[in-house]
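Notes follow the structure.
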Amino acid sequence: MPKDNHTFVQNLQHVVGYFPSVVQAAGKLGINRQQLTKYLSGTSTPSLATLRTIASYFGVEPDDMFLPQRDFKKRWSPPAKVEGLPPQLEGTVQDILYHMHRTHGDMDEICGFYHAYINLLTHPNKIGRAYTVIQRHGDFTAVKTIMFASPYGAENKPRRPIKINGIALYLGERIYILDAQNVGQPNARIQSIALYPSSFPQADYLTGLLMTTNNARNRPIYSTPIVFQRLNADRIRKDDMRACGVFFRDSENVAPDILELLNSVQR
């Protein structure tokens, strides 16, 4: 620990200033409030173990806490805030936003272009293939999916795409995706996807479960395996999008390993 901890104190004040109070900051860091107050005033310096705890929470290295403040601000900037929330919601929402801020670098591993496969509940002998783009925007990771309810290769009439927007979160070595379609309309749908760690990171496939329902026709809530196949692409390609649609399970367009993964996911 450097004897001159002036820059450490400045940087600690900067990050703790994000919280509404020192009490809340101490609670999140797992540090006694009186002890944190001493660190903030410079009358006491943390042990190496405590320094690591503080740095880890804010997603920086311990040495970063001693950088000149101008350099430190390049390593750490406060996460987004949502103003005007009711008190009972503010803490929860800010915790989620801050977690996204801390783990946004981990999401880089899954950003890219995918074909997403699911079993179709209404047609057990068929599989749907959608086109999904996962991209990070600052602290947030956006998920955009385009799918077609019509069979692949249907040329008798133009196929209208179904567009779904969502957001992804890395938590506990799993990827959670929440997306919404046609909110406010009779056929509204909200989907929740959990992708499992066995296929993470940088795997050709991400596997997990999708839970959803279609509000139209009073269909029940259901879950189904889902497989994301990473595409060898660095941009949106129309051919990848056109390749989406509905397939029979024995179609030559559905690779055997996709079928095996869909069958292996536990529901």
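The values are calculated or read from the model by the stated rules, or taken from the named source; none is laboratory data. These figures come from a predicted structure and were not determined experimentally. As a convention, Cβ positions derive from the backbone with ideal geometry for all residues, glycine included, and neighbour counts pool all protein chains shown. The protein model used for the area step is the full one, side chains on, heavy atoms only, and it has no ligands, DNA or RNA in it. Shrake-Rupley method; radii C 1.70, N 1.55, O 1.52, S 1.80 Å.
Quick check on Val60: is it more than 26 Å from the chain's Cα centre (by Cα) and closer than 25 Å to Thr92 by Cα? Criteria not met by Val60. Among the residues of this structure, Val15 does not count as one that is open to solvent by 60 Å² or more (accessible area, probe 1.4 Å) and at pLDDT 85 or above. The lone criterion from (1) open to solvent by 70 Å² or more (accessible area, probe 1.4 Å); (2) under 23 Å from Asp106 (Cα atoms) left unmet by Arg33 is number (2). All of Asp106, Asp95, Asp64 fail the test of being charged (D, E, K, R) and open to solvent by less than 40 Å² (accessible area, probe 1.4 Å), apart from Asp64. Scanning the stretch 208-233 for residues that are at pLDDT 90 or above and open to solvent by 90 Å² or more (accessible area, probe 1.4 Å) returns Met211, Asn232. In the stretch 241-265, the qualifying residues are those that are surrounded by 12 or more Cβ atoms within 10 Å (Cβ to Cβ) and under 25 Å from the mean Cα position of the chain (by Cα), and the one that is nearest to Ala149 (Cα to Cα) is Cys244.
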